[in-house]
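**Q** Below is a structure I'd like to ask you about.
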Amino acid sequence: SNGGNRQMDTLIKLDQVIESVLQQTADTLSVHENGNSQIIIDADRKNFVLIMLGWEGHRRIHDCLVHIQMIDDKIWIQHDGIEDSITENLEAAGIPKNQIVLAFYPEHVRVHTGYAIA
């Protein structure tokens, strides 16, 4: 088959890897935190968000912990707010560094991260 299909397969696999890494992270968080974690996926626009919902006494918890976006078959980490970095978890799941963009750093800093610049 042609290369186009292979690229499509890769994108689908990336989607699945991101989702499963987020799910593992959410499961781990739910054990430690009060409140519950929730994954929101907008498949059409390739946005993946992990939020924490709940109550701490009278204080409402509604925090965005992770926001990942797929742009041009790269994984852009827009926000990584968990202690054992979502980026490291994605790498451990087999995503190469050159496919990950640490979007929360300005571009001149990204050059030094060892990850993709864009």
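**Q** How many angstrom lie between the C-alpha centres of the range 71-118 and the range 12-63?
**A** 18
**Q** Continuing with this model, one more query. Just to be sure I understand the model, the point goes 7 Å from the Cα along the line to the Cβ. What's the resulting ASP72 to ASP42 distance in nm?
**A** Going from the ASP72 label point to the ASP42 one covers 2.1 nm.
**Q** Give the angle, between 0 and 90 degrees and rounded to the nearest 10, that separates the Cα long axis of helix 3-32 from the longest principal axis of the Cα atoms of the chain.
**A** Taking the Cα atoms of the chain, the angle to 3-32 is about 20 degrees.
**Q** In deg cm²/dmol, rounded to 500, what helix-only [θ] at 222 nm does the chain give when every DSSP H run of at least 4 residues adds -39500 (n - 2.57) and the total is split over its residues?
**A** -11000 deg cm²/dmol
**Q** Here is a further query. How big is Rg to Rh over the chain, alpha-carbon atoms, Rh as the Kirkwood inverse-mean-distance radius?
**A** Reported Rg/Rh, Kirkwood definition of Rh: 1.01.
**Q** For the chain, give me the percentage of DSSP beta bridges that are antiparallel, rounded to the nearest 5 percent.
**A** 85
**Q** Okay, moving on. May I ask you to order 52-63, 11-22, 107-118 by the average number of other C-beta atoms within 10 Å around their residues, highest value first?
**A** 11-22, 107-118, 52-63
**Q** Still on this structure: Tell me, what ³J(HN,Hα) does each residue in the range 69-81 have, in order and in whole Hz, if you take phi through Karplus 6.51 cos²θ - 1.76 cosθ + 1.60 with θ = phi - 60° and put x for Gly and Pro?
**A** With coefficients 6.51, -1.76 and 1.60, one gets 10, 9, 10, 6, 6, 10, 9, 9, 7, 6, 8, 10, x Hz.
**Q** Using the 2.2 N^0.38 Å rule of thumb for compact globular proteins, work out how the range 69-118 stacks up: its C-alpha Rg over that value, please.
**A** Cα-based Rg divided by the globular estimate yields 1.03.
Where a number appears in this text, it was derived from the coordinates with a stated rule and is not lab data. Owing to the predicted nature of the structure, the values given are computational and were not obtained by experimental measurement. When we count neighbours, we look across all protein chains shown, and the Cβ atoms used for this are built from the backbone with ideal geometry, even at glycine.
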